[in-house]
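The values are calculated or read from the model by the stated rules, or taken from the named source; none is laboratory data. This one's a predicted model, so the numbers in the text were calculated from it and none came from an experiment. Quick reminder, even Gly has a Cβ in these numbers, built from the backbone with ideal geometry, and neighbours come from all protein chains shown. Just so you know, the surface numbers come from the protein's heavy atoms only, side chains and all, with ligands and any DNA or RNA stripped out. Shrake-Rupley method; radii C 1.70, N 1.55, O 1.52, S 1.80 Å.
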Amino acid sequence: MIYFLFVLPPFLLGLYAQWKVKSSFAAMSQVPARMSGATAARRMLDAAGLQSVGIEQVPGQLSDHYDPRSKVLRLSPDVYGGHSMAALGVACHEAGHAFQDAQGYAPLVVRNLAVPAANFGSGIGATLLFVGAIFSFPALMWVGVALFSAVVFFQVVNLPVEFNASSRAREHLVEYGLITAQEEKYVAKVLNAAALTYVAATLQSIMTLAYYLYILTGRRD
């Protein structure tokens, strides 16, 4: 019961956020745009002098991301070729990450450095906590909690990175004449829904860490 008190609220928020993203993307996919997502992202990148950043189509739905190692935007089919406000919003959000990378945006630098620790801590941290609880080895449990803290750190740092990328997309879409100021509200609906998923993921990691700490302090007491 205690576990559900910690984990269930952010889990439900995460489910709602996923539904909100899909429904918002579907709705804004019905609002036409004058160009495809790939074209809008290309114009946004070129206007900023980032002609060297490539754009590729990848399989999947909402599998869009920016690869800082290859300097490539990878867009899902619906975004790459979609002529809709949803496609423009998502594509230019990823272009926003390319802007951050080119400008050395500090939170992005920190987030990228935290990725290996977060990937390691997400799996090993919970395992060590579980094993330590079975064998009544508090020190091992604390190591597990410390490793999982890297996940929380990553999620917290990720928030300003994602919010800033969305802000750049909304600003530059209008500034570069890719959409009108009146059309910006349609792009905002998709990007605001996506922002909720980042908030939910951060809350989930924080509450999971809080539950782990609750277990440890309870055992100690």
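Determine the relative contact order of segment 119-195: mean sequence separation of Cα pairs under 8 Å and six or more apart, normalised by residue count, in whole percent. Show your work: numbers first, answer last.
Working: 54 pairs, mean separation 18.1, N = 77.
Relative CO of segment 119-195 lands at 24 percent.
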request  = Return the long-range amide H neighbours of Ser84 (sequence gap of 5 or more, or a different chain), with a cut-off of under 5 Å between placed amide H atoms.
outcome  = Ala33, Gly37
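For segment 21-80, which trypsin sites (Lys or Arg not before Pro) are in a loop by DSSP, counting at most 11 other Cβ atoms within 10 Å? Don't skip to the end; give the middle numbers.
Working: sites: Lys22, Arg34, Arg42, Arg43, Arg69, Lys71, Arg74; in loops: Arg34, Arg69, Lys71.
Sparse-neighbourhood loop trypsin sites (Lys or Arg not before Pro): Arg69.
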note = For the chain, the longest principal axis of the Cα atoms and the Cα long axis of helix 37-47 enclose an angle in degrees, to the nearest 10, of 80 degrees
ask   = Taking 0.36 nm per intervening residue step and subtracting the Cα-Cα distance, what contour gain separates Asn119 from Gln18 on full extension?
value = 34.2 nm
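Can you give me the % of accessible surface on segment 154-221 that is carbon or sulfur? Probe 1.4 Å, all protein chains present, nothing else counted.
Values: 1850 of 3240 Å².
Reported share for carbon and sulfur atoms: 57 percent.
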key: Accessible area (Å², per residue) of the chain, counting only protein heavy atoms and a probe of 1.4 Å   = 50 Å²
remark   = In whole percent, the fraction of accessible protein surface over segment 26-138 that belongs to carbon or sulfur atoms, probe radius 1.4 Å, stands at 60 percent
ask   = How large is ³J(HN,Hα), in whole Hz, for each residue of segment 88-101 in order, when computed from phi with the Karplus curve 6.51 cos²θ - 1.76 cosθ + 1.60 and θ = phi - 60°, using x for Gly and Pro?
value = 5, x, 5, 4, 6, 4, 5, 4, x, 5, 5, 4, 4, 4
message = Taking 8 Å as the Cα distance limit and 6 or more residues as the minimum spacing, I'd like the relative contact order of segment 2-118 as a percentage.
response = 27 percent
query = With labels modelled as points extended 7 Å from the Cα through the Cβ direction, what inter-label distance (nm, one decimal) is found for Ser167 paired with Tyr214?
reply = 3.4 nm
remark   = If one compares the long axis through the Cα atoms of helix 106-134 with the longest principal axis of the Cα atoms of the chain, the angle in degrees, nearest 10, works out at 30 degrees
key: Sequence-distant lysines (8 or more away, or on other chains) whose Cα lies within less than 19 Å of Lys20   = Lys185, Lys189
query = What length, rounded to one decimal in nm, is gained on full extension from Glu175 through to Ile2, with 0.36 nm per residue of separation minus their alpha-carbon distance?
reply = 57.3 nm
query = What angle, in degrees between 0 and 90 and rounded to the nearest 10, separates the Cα long axis of helix 138-175 from the longest principal axis of the Cα atoms of the chain?
reply = 10 degrees
query = Using alpha-carbon pairs under 8 Å, 6+ residues apart, how would you state the relative contact order of the chain in percent?
reply = 26 percent
remark   = The ³J(HN,Hα) series, computed from each phi in segment 55-68 with the Karplus coefficients 6.51, -1.76 and 1.60 at θ = phi - 60°, rounded to the nearest Hz and given as x for glycine or proline, is 9, 10, 8, 10, x, x, 10, 6, 9, 5, 6, 10, 9, x
Gain in span if fully extended, Met35 to Ser63, counting 0.36 nm per residue against the direct Cα distance = 8.1 nm
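Which value, in debye to the nearest 20, gives the size of the charge dipole of segment 155-221 about its Cα centre, when Lys and Arg are +1 and Asp and Glu are -1 at the Cβ? Let's see the in-between values first.
On the way: 6 positive and 6 negative charges, 60 e Å.
Dipole magnitude for segment 155-221 comes out near 280 debye.
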